[in-house]
1. Only one residue in Thr54, Thr65 is within 20 Å of Ser25 (Cβ to Cβ), in contact (Cβ under 8 Å) with a residue 12 or more places away in the chain and open to solvent by less than 20 Å² (accessible area, probe 1.4 Å), so which one is that?
2. Within the range 31-69, take every residue that is of a type in the set (Gly, Ala, Ser) and assigned to a loop (DSSP other than H, G, I, E, B) and give me the one that is modelled with the lowest pLDDT.
3. When you scan the range 261-273, do you find a residue that is of a type outside the set (Ser, Thr, Tyr) and touching a Leu at 6+ places or on another chain (Cβ under 7 Å), even just one?
4. Which condition number does Asp155 fail, the rest of (1) modelled with pLDDT under 95; (2) more than 29 Å from Arg304 (Cα to Cα); (3) surrounded by 14 or more Cβ atoms within 10 Å (Cβ to Cβ); (4) not hydrophobic (A, V, I, L, M, F, W, C) being met?
5. For the range 23-76, which residues satisfy the criterion of being more than 27 Å from Glu168 (Cβ to Cβ) and of a type in the set (Ser, Thr, Tyr)?
6. Check whether at least one residue in the range 89-96 is under 22 Å from the mean Cα position of the chain (by Cα) and closer than 30 Å to Leu214 by Cα, and report yes or no.
Amino acid sequence: MHILQNLVQMTGQRDHLRLELSVLSTFMQLPAVTNVRALELVELDNGHWVRPRTWLQAGQLVSSTQDVVQDNQRRPLHEMPHLHACITQQAQQMQHSSGADQHVIWLPVWMHEKARVCLEVTQSDPFTPHSLDVITGIFNVYQNYQSLLDYSERDALTGLLNRKTFDEHLLRFATAAQAEHSDEMPWLAVIDIDHFKLVNDRFGHLFGDEVLILVANLLRSAFGSQHRIFRFGGEEFVVLMPVSHKAAAQASLEAFRAMVASHSFPQVGSVTVSVGFAGAKLCSPVEILGQADQALYYAKENGRNRVCHFEQLQDQGLLHSAQVSHEDVELF
């Protein structure tokens, strides 16, 4: 009965992290289970890494608040050879027993042929066919619901994250912000396709949609798994960038701008983007978006096809007008 109640609670979640906590709590209700973890799998420039994202500590489930790059608990994936083999073989699960009372099963969550999360369940007794059926059943409910949540958070045309999940992602990024005047912090960039209305008017909405899809694909190519990329509607995109120096963030955005400018879009030909970005410090989403929007508006008003930084424009006294509303500004 406790398991059924936990499953009901699990399918009532509307957030990936709460869903993760709920499924791990459900596993803890099973006989012989001694430990549970949710492991995050990431690919960085220097290889594949794994780190505990949610784990059991003093009888309570806790979740990391650190960015994976800054997390000292992360380790190379190859240091966990059985999990490494599971991911490399794209297996649905992997078991290993390291002693009479240490039996582990790994259950990766596969989406689009990639696993970014793996659940780990440890038992004091060997896995029996019945216990495996129960664990697999719970995991399948979790995975199906995870897919539904993921689908509800995605833009139908581009497959990028949609706006309704933005505030939560921004809060997580902003909590990693450094001191107020530090140059090392998360960053928020607002990207707008230049003269997109003319593309629709001249070539039609089908080619306009193709431009949006191709720009979304270029965004995925330009920014790694630690970035969060959103389509905000129309021709506007937002990128949340992990903690870095301002120069590194600007270089990444400049590289993306150049990538778009050099890309040949079918029928349409050349397309450019304008970018405004600001530090994602711990303040309201409206304020951070407003700052990035002001930088974007300046880029639009001063030649387009450029990247502008809010704080730099502000220091140079170039932002004399009232703050721009993210909801109301017309950028073309």
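1. Numbers: Thr65 fails: open to solvent by less than 20 Å² (accessible area, probe 1.4 Å).
Of the residues listed, the single one that is within 20 Å of Ser25 (Cβ to Cβ), in contact (Cβ under 8 Å) with a residue 12 or more places away in the chain and open to solvent by less than 20 Å² (accessible area, probe 1.4 Å) is Thr54.
2. Initial filter on the range 31-69 (of a type in the set (Gly, Ala, Ser)): 32, 38, 47, 58-59, 63-64.
Still in the list and also assigned to a loop (DSSP other than H, G, I, E, B): 32, 58-59, 64.
Working: Ala32: 92, Ala58: 89, Gly59: 88, Ser64: 84.
So the residue we want is Ser64.
3. We begin by selecting, within the range 261-273, every residue of a type outside the set (Ser, Thr, Tyr); these are 261, 263, 265-269, 271, 273.
Cutting the leftovers down to touching a Leu at 6+ places or on another chain (Cβ under 7 Å) gives us 263, 265.
Yes, some residue in the range 261-273 is of a type outside the set (Ser, Thr, Tyr) and touching a Leu at 6+ places or on another chain (Cβ under 7 Å).
4. The number of the failed condition is (2).
5. Scanning the range 23-76 gives a single hit, Thr34.
6. Restricting attention to the range 89-96, the residues satisfying the condition of being under 22 Å from the mean Cα position of the chain (by Cα) are 90.
Filter once more, so that each one left must be closer than 30 Å to Leu214 by Cα: 90.
Yes.
Conditions tested, residue by residue: (1) within 23 Å of Arg116 (Cβ to Cβ); (2) in contact with a helix residue (DSSP H, G or I) (Cβ under 7 Å, 6 or more places away or on another chain); (3) of a type outside the set (Phe, Trp, Tyr).
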site	(1), (2), (3)
Asp192	no, yes, yes
Val199	no, yes, yes
Val211	no, yes, yes
Ala222	yes, yes, yes
Ala258	no, no, yes
Pro266	no, yes, yes
Val273	no, yes, yes
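Per-residue answers, yes or no, for (1) surrounded by 13 or more Cβ atoms within 10 Å (Cβ to Cβ); (2) more than 20 Å from the chain's Cα centre (by Cα); (3) in contact (Cβ under 8 Å) with a residue 12 or more places away in the chain:
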| site | (1), (2), (3) |
| --- | --- |
| Asp101 | yes, yes, yes |
| Val109 | yes, no, yes |
| Asn140 | no, yes, no |
| Asn144 | no, no, no |
| Glu168 | yes, no, yes |
| Asp201 | no, yes, no |
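The values are calculated or read from the model by the stated rules, or taken from the named source; none is laboratory data. Note that the structure is predicted; figures quoted are calculated from it, not measured. Please note: Cβ atoms are built from the backbone with ideal geometry, for glycine as well, and neighbour counts cover all protein chains shown. Ligands, DNA and RNA are excluded from the accessible area calculation, which covers all protein heavy atoms including side chains. Shrake-Rupley method; radii C 1.70, N 1.55, O 1.52, S 1.80 Å.
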